[in-house]
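One structure is given here, and the rest of the page talks about it.
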Amino acid sequence: MYIFMYQGIIRKLILNYKFQDKTYLYKTFVKFLLKNKKIVENIKTYDIIIPVPLSTKRQKQRGYNQSLLIAKEIGKTLKIKVEKNILIKTKNILPQSTLNKEQRITNVQGTYKMQNANKIANKKILIIDDIYTTGSTVNECSKILSQAKVQNIGILTIAKD
């Protein structure tokens, strides 16, 4: 699921959000998501929200995880548990935005690991990321999370490229 195409003003806002320390923009993105009744009803079918994690290095550089801010706001509003310590990014890789499709797929392989799998077993999981370009990141996250024998995994992003 996504609400915008990654172009024009939306692209500019997301880039400002991620790279120009405009953290307040997450509230605007979430408001748009929550105004879409079809998306809200779909989100409500999930038991747990898991944001795509950042590496420790990138988190320190940026000062925040853009996907976590969105996940926490949605979770709080819709009363869905957010788990930020299930999926862990173990490597600081090249930014996906700097790579082509083939490079993106190999860049994320082996980058994530799961802990506390018992917390998500038999649950419906919603992964939240900011942008869906090739799907490499969320597909890798889904692959790792599916090892916990979850019922279902969904993907929610602000925009799709």
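Throughout, read-outs are computed from the coordinates displayed, never taken from laboratory work. A quick note: this is a predicted structure, and the numbers were derived from the prediction, not measured. Cβ: placed from backbone, ideal geometry, glycine included. Neighbour counts: every protein chain shown.
Overview of values
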| item | result |
| --- | --- |
| Taking LYS35, LYS84, LYS18 and counting other C-beta atoms within 10 Å, the order from fewest to most | LYS35, LYS84, LYS18 |
| Set LYS38/LYS72; LYS72/LYS119; LYS22/LYS84; LYS35/LYS60; LYS37/LYS57 screened for pairs whose C-alpha atoms are more than 26 Å apart | LYS35/LYS60; LYS37/LYS57 |
| Cα lying deepest toward the dipole's positive end in the range 2-160, options ILE14, ILE48, TYR26, charges on Cβ | TYR26 |
| Neighbour net charge for GLU83 - beta-carbon separation under 12 angstrom, K R +1, D E -1 | +4 |
| Most mobile listed residue (GLU102, GLU83, GLU73) in the chain, GNM with C-alpha springs under 10 Å | GLU102 |
| Fewest-first ranking of PHE19, PHE29, using other Cβ atoms within 10 Å as the exposure measure | PHE19, PHE29 |
| Formal net charge of residues neighbouring LYS35 (Cβ-Cβ distance under 14 Å; K, R +1; D, E -1) | +2 |
| Ratio of Rg to Rh over the chain (Cα coordinates, Kirkwood Rh, two decimals) | 0.93 |
| Sum of side-chain charges, MET5 neighbourhood, beta-carbon under 11 Å (Lys, Arg +1; Asp, Glu -1) | +1 |
| Choice from ILE74, ILE49, ILE39 with maximal GNM fluctuation in the chain (Cα, 10 Å cutoff) | ILE39 |
| GNM flexibility winner over the chain from ASN85, ASN116, ASN100 (Cα, springs under 10 Å) | ASN100 |
| Check: the range 38-118 dipole with +1 on Lys, Arg Cβ and -1 on Asp, Glu Cβ, in debye | 260 debye |
| Size of electric dipole in the chain: Cβ of Lys, Arg +1 and of Asp, Glu -1, about Cα centre, debye, nearest 20 | 340 debye |
